[in-house]
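Visitor: Before I ask anything, here is the structure I am working with.
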Amino acid sequence: MFPQFGATADTLSKASTMVFRIGTDAHLYDDPDDVSIAPLLDSKFDSEKCEALKRLLALIAQGIDVSNYFPQVVKNVASQSLEVKKLVYLYLLHYAEKRPNEALLSINYFQKDLGDPNPLVRAWALRTMAGIRLHVIAPLVLVAVGKCARDPSVYVRKCAANALPKLHDLRQEEHALAIEEIVGKLLNDHSPAVVGAAAAAFASVCPYNLSLIRRNYRKLCEILPDVEEWGQIALIGILLRYVIASHGLVKESIMFSLQCTESSHSVKDGSDADFGQVKESTDMGGTCDYEFVNMVSRCYIEGPDEYLSRSSYANRESFQLTDEQFTSGKSNDDVKILLYSTSPLLWSNNSAVVLAAAGVHWVMAPKEDVKRIIKPLLFLLRSSNASKYVVLCNIQVFAKAMPSLFAPYYEDFFICSSESYQVKALKLEILSSIATDSSISSIFKEFQDYIRDPDRRFAADTIAAIGLCAQRLPKMAHICVDGLLALTREEFVTKDFGFGDQEAGILTHAILSIKSIIKQDPPSHEKVIIQLVRSLDSIKVPAARAMIIWMVGEYSTLGEIIPRMLNTVLKYLAWCFTSEALETKLQILNTVCKVLVGATEDVWTFKKIFSYLVELAECDLNYDVRDRVRFLKKLQSSNLVSIGQEEGTNDLPEKDLLHVVAECILGRQTRKVKAESFSYRFYLPGSLSQIVLHAAPGYEPLPKPCSLLLDDRNVPEGTSEIKKTVADYSGTDDYGTSSEGSDDESASDYDSQHSVAESSGSGRGDDSEFTSEGNDNADPLIQISDFGNASENQNGVSQSGPANLGELMSDRALESWLDEQSGSSNPGISEQSQVRISSARISLGDVGKRVKPKCYSLLDPATSGNGLKVDYSFSSEISSMSHLLVCIEVFFKNCSSETISEITLVDEDSNRALDAADKAADVNQSSLASSDNVPTLVPMESIASLEPDQTARRILHVRFHHHLLPLKLALYCDGKKLPVKLRPDIGYFVKPLPMDVEVFIDRESRLPGMFEYTRSCAFTDHIEELNKENGDSLFVKDKFLAICESLALKILSNANLCLVSIDMPVAANLDDASGLRLRFSSEILSSSIPCLITITVEGKCSDPLNLSIKVNCEETVFGLNLLNRIANFLVEPTLG
Amino acid sequence: MLQCIFLLSDSGEVMLEKQLTGHRVDRSICDWFWDHVISQGDSLKSQPVIASPTHYLFQVVREGITFLACTQVEMPPLMGIEFLCRVSDVLSDYLGGLNEDVIKDNFVIVYELLDEMIDNGFPLTTEPNILREMIAPPNIVSKVLSVVTGNSSNVSDTLPGATGSCIPWRAADPKYANNEVYVDLVEEMDAVINRDGVLVKCEVYGEVRVNSHLSGLPDLTLSFANPSILDDVRFHPCVRFRPWESHQILSFVPPDGEFKLMSYRVKKLKSTPIYVKPQLSSDAGKCRVNVLVGIRNDHGKTIDSITLQFQLPPCILSADLTSNTGTVNILGNKTCSWSIGRIPKDKTPSLSGTLVLESELERLHVFPTFRVGFKIMGVALSGLQIDKLDLKTAPSRLYKGFRALTRAGEFEVRS
């Protein structure tokens, strides 16, 4: 009847020893391996299997590796008993990744279970299968998830949503789209439970795909209160991000102070007035600290690392929010509905939900409504000790930004003795930042109690807080100082017993607080200083003594009484000098010197005291003291001498100088420093980063306001950014034309470029590919507009919209593209056909020899100082070392009359470039740089010496990191280092790719649409050429030839291309050059992607010609840049 | 998202580990954690969010058990902490308390519970009522049965209906012979009395606990006679927000069994039920202590289990304390606890004695804080009164019961 009775009898005897543990699994945990587990696993009884599995689980719990049982355990997946299943699943999930091959054995059973009528079995099977994390089975899991997402059971659908992040975690690109699709479907589910899980999945799978949210934003808001609590947390965050990305920030919210701080004071005052109603008393300066709020909100949007690093650049203002990026909270329905649906969540039982909802209100709610979050936040303080700390960390930021919000609730921050030290410290800090004139007296009463607390560290913090309060509320300064003075008197009583470090800490803090209060308004605290000085004898703590002595020196000229006391005080200090601690000794020396500098009477006494001290200190055991005294003696010597010479005879300028130095170092009163230096970092409320105060991996600041465009479906990030990038590229054209242009211009280019790269990097997060170029590739808008030009201006090769285009372009873009094409291509084709009939191909034989690469100056002999002239030109050679390197010919010439030796060029930029990359927090770029290990500059063979007028030529292999930015190099000669800039020329980032015209046309036809860019420009070089030879009898044909030659020459001497063919109109009007077409081919050095260039001429031979240049290249950005470069140098007249 | 949960005993032993995602967390993180706890003393022990070199740790300590959760990525820290709190609540509910033994004895249940409560680091089912249906709590009958038959499945083989419904907290369709609802007001009084004997802060934190055994799908409304005194509230998910917003009425479909309907706070109360008057006078290396405890104003209810606890300052060498009622204990960590119980009619309880200070110290300069405990049955000190409880879809008979209880919360008297 009980087949396993033997075993249980054994356990029974064991268990009976511990009556209370009867029937529990205690014995399994205590000695899990006292029975051999393997046979039990193979048993045919479920109960024995259970026991074995429990033993295994106990071993797992204790951290023992039992993965060797894996094959036997996997078999039991087939068991019908749910308990066995559950235990097997627990085991399986723990080890599946370690034993992938065996884990595969279980897949069939999961597949079977997925069809089980019991939803619990289906859900478990799905959860476990997805949790196994094997790349091999990912497609199977995807199918299963897709199926379960349509399951009739809510629970199974919920588990399907939970399985999506597991799949996403495997990082299989090919499934990304399918996963996002399922997320979208589940977000649309009618059951709140599923929506919650789907929101969590969304947050981890595709947080940028905010267009998924757009579809059912309203519905999500309405369903929000019904979603289960954990889902609410995720959903709130998503909705907030969506609203900001699509509508921008709210004008009435605190984030708007971003705008109003610099510009309009009227807005500021207006909001102040609004806010006055909320406050109990508005005696203090502003209701909220605008500078602080400004910084907080900037940090929210940009992330503090970004913000801080950028503020160190000069262009602090590059991040500007325009009015369009704000929306009115009163009129915008989407904002209103979000606030409406999150406000009841402030009553949630789950503290994380409350904080998340409070965060939304903090960022989005109009200022007068923000107060709604206060009570719920304060109530959270009662929930649990652990959450108390986290909530306080967040309140701290809120309270600092808007002290008036929390000022009436100061009692909630009174401290209980049972709280942890961290909580106490936070509460103190909050109290000192929200204290008002009306509440300060009760707060001080509390503080007085805290000072008596047995926790002395806390007591010391309290004293520091008193100092802070007094600095914030100058009216209270006198009371504070009196209290603190009384404290110092009390504490030094205990001090006589040499009692503990902690008491010393309290005294030091007290003096420190007094010191900082006095600093704010020294004249009114004269008596305090006197009292402190009087108590000097009884205060024994070195740090405290040192501070008081410092005050003597600092305020030696203050008021009437202090200067009269100095004599006695200094004598006293000199008398006890030998028995002092190090820091006090140093301070005594400083003070005496300061007094001496500022002294007007009693100078002789002070001088005597000083020389006495000098004698003592020079024999001091500590070298610091000896050094200090030597330094001070030197400084003072002028002073002493001048006094010795009985005034006025200090005609020696050197001594005078010393005197000034002494005055500067010792005499000046220290300048007031702002009490709170803004070195804080702020992260979004409720985030982990805000607690640990660094950006945790995966932390994302708020999206850029209004970055989500209405008809933007593919790219979640705003195209505003991309437009900016394009503007930059065209901006660099200017730089191209003025290649000898000013440094300033290129520098500004550099900056803006940099900031764009940075901002786009920040928006996209760290796992997406970095390059903004890569992003441009995917963006259809630019190419469409370019193509629009293309089909109008250029009689392109016939194109029949290839199928793959449809994937790359959004539907609408594709439609508009098709429309445009059909509209404009017909006349184009007819024109083309007309031209083609009458064209002939010609070749220019000798053009290659006449190519003269353009020479740029690297170092001007005038600026270098020693007459070294360095020029460089881009060479058509291809570097043999790496395809990333570009060859450059560098010519050194010695223009001076002396020999120059040891000339070499090195890459100075390597370190700094890395820094910059770090600053931009761009992991990918640096990893990219390290992955293909190509140096920026292959070390050049250095030139040992260069005689006057001698020239030398070297070939450099350079790697330009960017084809638009100059590369900074350092030129060493004669041991001197000269920084030089090497400007890249995109025309040499390609190498000639010889091909037939047929191949060319074929390739060209394969690069239509997105990969084709056109620009037109004027060309005038040929006119000069024609005029030059005008005297000779010139055939018409030669006119064409001359044009062809000058055009080809111009292009070939500015870019490393291969001339494929020249088509010439034959039957056309003799003076009409229209229809002349040159084709060039090349391939990009770094990627070997072909790049085809076609130039078509229009216009009369003798007039400036109208050229249309067409580039076909897969690499969009490169192609565009090359196109711009070509257009620029064609326009530019040839010199010489 | 959470990557792993560890349960540590109070000696730092890892009792249980549950890996939640594919990114396994080695248990060496616990060694790191414990080393730091030891080296940094209690300051780390009380820090809920810790950035270790490899992971961020969330910790919640309950009854000596440390619940430690690890993550490597950004997530709302309160979510982790709140979840750990829920886990500890559920466990202590299932196991009838929390301690090292009880967790080890029931580790399988703990595993099964954790597995249902969290999936891939995201909370799955945390509603205790549903969990109870999925995994049966251990009880004495099932224990004995399992010993005799060896058959001990506590895993339910059907999915609780509630998981699918739009009210996930309620089991599908319970049937009861007697329909009963019990409503308890459980209040905790927080008070701070400062050195001058002034009541600085006095407020009540209260919970409305409901125990409902109702058939079908009942829709209840609960209203208070004086809702305006409530300073702030938090609700169980079952409470509908809108009726509360407009009329301060609690309208809800209750979960089956016991649950916390709402919690509230009443601030700025004027008096405390008992007074504690400590007097400490120190002189010549000795300190005389005298503490009086008495009832301030009579609520007509007896005050039970009065206790007084305080930490002797570190500068005290020895203490000799006696009392006229109750017992005085001085524990190893210099905690002195005086349990009075009920206050006798004829005399005022007092504690007196002398403390000996450290040799070079003449007077005491730091003073202990007295923590007071008490319990009053039958009274809600906040004054909150339940007006009525209605059942919308009235079954034949409904039995309603109301109770109240006040305990001392953070009740502190400074000396």
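Computed from the coordinates by the stated procedures, all read-outs in this text should not be read as laboratory data. Just so it is clear, the structure is predicted and the values come from calculations on it, not from any experiment. Here the Cβ is made from the backbone with ideal geometry for all residues, glycine too, and neighbour counts use every protein chain on show.
Visitor: For region A:524-538, what does the Karplus curve 6.51 cos²θ - 1.76 cosθ + 1.60, with θ = phi - 60°, yield as ³J(HN,Hα) per residue in whole Hz, taken in order and with x for Gly and Pro?
Guide: 7, 10, 4, 5, 4, 4, 4, 4, 4, 4, 4, 7, 3, 5, 8
Visitor: May I pose another question? How do the peptides A:1048-1057, A:41-50 rank, highest first, by the average count of neighbouring beta carbon atoms within 10 Å per residue? The partial results should precede the final answer.
Guide: Details: A:1048-1057: 22.1, A:41-50: 18.0.
Ranked by mean Cβ neighbours within 10 Å, highest first: A:1048-1057, A:41-50.
Visitor: Quick check on chain B: helices-only [θ] at 222 nm, where DSSP H runs of length 4 and up contribute -39,500 (n - 2.57) each and the sum goes over total residues. Nearest 500, please. Working shown, then result.
Guide: Values: 8 runs with 77 residues, N = 415.
Mean residue ellipticity, 222 nm, calculated: -5500 deg cm²/dmol.
Visitor: In nm, to one decimal, how far is the B:Ile330 label point from the A:Glu898 one, both placed 7 Å along Cα→Cβ?
Guide: Label-label distance for B:Ile330 and A:Glu898, simple model: 8.9 nm.
Visitor: Sticking with this one: Pairs to check: A:Lys251/A:Lys375; A:Lys166/A:Lys424; A:Lys185/A:Lys371; A:Lys424/B:Lys375; A:Lys400/B:Lys277. Give those whose C-alpha atoms are more than 31 Å from each other in this structure.
Guide: On the way: A:Lys251/A:Lys375 24 Å; A:Lys166/A:Lys424 41 Å; A:Lys185/A:Lys371 37 Å; A:Lys424/B:Lys375 28 Å; A:Lys400/B:Lys277 38 Å.
Result: A:Lys166/A:Lys424; A:Lys185/A:Lys371; A:Lys400/B:Lys277 exceed 31 Å.
Visitor: In addition: For chain B, compute Rh as the Kirkwood radius over C-alpha pairs and then the Stokes-Einstein diffusion coefficient at 25 °C and 0.890 mPa s; write the answer in µm²/s, rounded to an integer.
Guide: Answer, rounded: 99 µm²/s.
Visitor: Run the reach check for B:Lys392 against lysines, Cα to Cα strictly under 21 Å, same-chain hits fewer than 8 apart removed. What comes back?
Guide: Of all the lysines, those that pass the test against B:Lys392 - Cα under 21 Å, at least 8 places apart if same chain - are B:Lys175, B:Lys260, B:Lys400.
Visitor: Let me ask you something else. Between A:Thr605 and A:Arg681, how high is the FRET efficiency from 1/(1 + (r/R0)^6) when r is the Cβ-Cβ distance and R₀ = 41 Å? Nearest 0.05. Could the numbers behind the result be given before it?
Guide: Values: r = 52 Å, r/R0 = 1.28.
That gives a FRET efficiency of 0.20.
Visitor: Which lysines, if any, have their Cα less than 24 Å from the Cα of A:Lys585, not counting same-chain residues under 8 positions apart?
Guide: A:Lys495, A:Lys515, A:Lys519, A:Lys540, A:Lys571, A:Lys594, A:Lys607, A:Lys608, A:Lys633, A:Lys634
Visitor: Quick one: which residues, 5 or more positions from A:Leu858 or on another chain, have an amide H under 5 Å from its amide H? H modelled 1.01 Å from N in the peptide plane, none for Pro or chain starts.
Guide: Here the answer is A:Val870, A:Asp871, A:Tyr872, since their amide H atoms fall under 5 Å of that of A:Leu858.
Visitor: If the elastic network links every pair of Cα atoms under 10 Å, which of B:Pro76, B:Pro255, B:Pro137 fluctuates the most in the Gaussian network model of chain B?
Guide: B:Pro76
Visitor: Could you line up A:Leu142, A:Leu570 from fewest to most neighbouring Cβ atoms inside 10 Å? Write down the numbers at each step before the final one.
Guide: Numbers: A:Leu142 21, A:Leu570 28.
If I rank by nearby Cβ atoms, fewest first, I get A:Leu142, A:Leu570.
Visitor: Okay, moving on. Peptides A:1077-1089, A:423-435: what's the order by average Cβ count within 10 Å, highest mean first? Can you show the working numbers first?
Guide: Values: A:1077-1089: 20.4, A:423-435: 22.5.
Averaged packing, sorted descending, gives the order A:423-435, A:1077-1089.
Visitor: Roughly how many nanometres apart are two label points built 7 Å out from the Cα toward the Cβ at A:Cys576 and B:Ser223?
Guide: For A:Cys576 paired with B:Ser223, the spin-label model returns 7.5 nm.
Visitor: Search the structure for amide H atoms under 5 Å from the amide H of A:Ala1018, placed 1.01 Å from N in the peptide plane, and list their residues when 5 or more places away or on another chain.
Guide: The list, which skips near neighbours in sequence, is A:Leu1107.
Visitor: Right, another one. Can you run phi through the Karplus equation (6.51, -1.76, 1.60; θ = phi - 60°) for region A:1087-1101 and list ³J(HN,Hα) in whole Hz, with x for Gly and Pro?
Guide: The phi angles translate into 10, 6, 8, x, 9, 10, 10, 10, 10, 10, 9, 9, x, 7, 4 Hz.
Visitor: Per residue of region A:689-706, in order, report the coupling 6.51 cos²θ - 1.76 cosθ + 1.60 (Karplus, θ = phi - 60°) as ³J(HN,Hα) in whole Hz, putting x for Gly and Pro.
Guide: Computed from phi, the couplings for region A:689-706 are 4, 5, 7, 8, 6, 8, 6, 5, x, x, 6, 10, x, 4, x, 4, x, 6 Hz.
Visitor: Taking the highest mean first, how do the peptides A:507-515, A:989-997, A:534-542 order by number of other beta carbon atoms within 10 angstrom per residue?
Guide: On the way: A:507-515: 23.9, A:989-997: 18.0, A:534-542: 15.9.
Averaged packing, sorted descending, gives the order A:507-515, A:989-997, A:534-542.
Visitor: Could you list A:Asp334, B:Asp283, B:Asp26 in order of exposure, starting from the residue whose Cβ has the fewest other Cβ atoms within 10 Å? List each step's numbers first, then the result.
Guide: Working: A:Asp334 17, B:Asp283 11, B:Asp26 14.
Going from sparsest to densest Cβ surroundings: B:Asp283, B:Asp26, A:Asp334.
Visitor: Can you list the GluC sites (Glu not before Pro) in region B:1-104 that are in a DSSP coil and have 15 or fewer other beta carbons within 10 angstrom?
Guide: Details: sites: B:Glu13, B:Glu17, B:Glu63, B:Glu74, B:Glu82, B:Glu100; in loops: B:Glu13, B:Glu63, B:Glu74.
Sparse-neighbourhood loop GluC sites (Glu not before Pro): B:Glu13, B:Glu63.
Visitor: Moving to a separate point now. For region B:1-93, what mean projected area does the convex hull of the alpha carbons give, in nm²? Mind showing how you got there, number by number?
Guide: Values: hull surface 21.9 nm².
Result: 5.5 nm².
Visitor: In which sequence would A:Val528, A:Val250 go, from the one with the fewest C-beta neighbours within 10 Å to the one with the most? Write down the numbers at each step before the final one.
Guide: Numbers: A:Val528 21, A:Val250 26.
With the fewest neighbours first, A:Val528, A:Val250 line up as A:Val528, A:Val250.
Visitor: List the residues, sorted by chain then number, that are 5 or more residues from A:Leu956 or on another chain and whose placed amide H is less than 5 Å from its amide H.
Guide: Counting only residues 5 or more places away or on other chains, the set is A:Ile888, A:Glu889, A:Val890.
Visitor: Just to be sure I understand: with springs between alpha-carbon atoms less than 10 Å apart, which residue in B:Gly401, B:Gly121, B:Gly300 has the highest mean-square fluctuation in the Gaussian network model of chain B?
Guide: Of B:Gly401, B:Gly121, B:Gly300, the most mobile in the Gaussian network model is B:Gly300.
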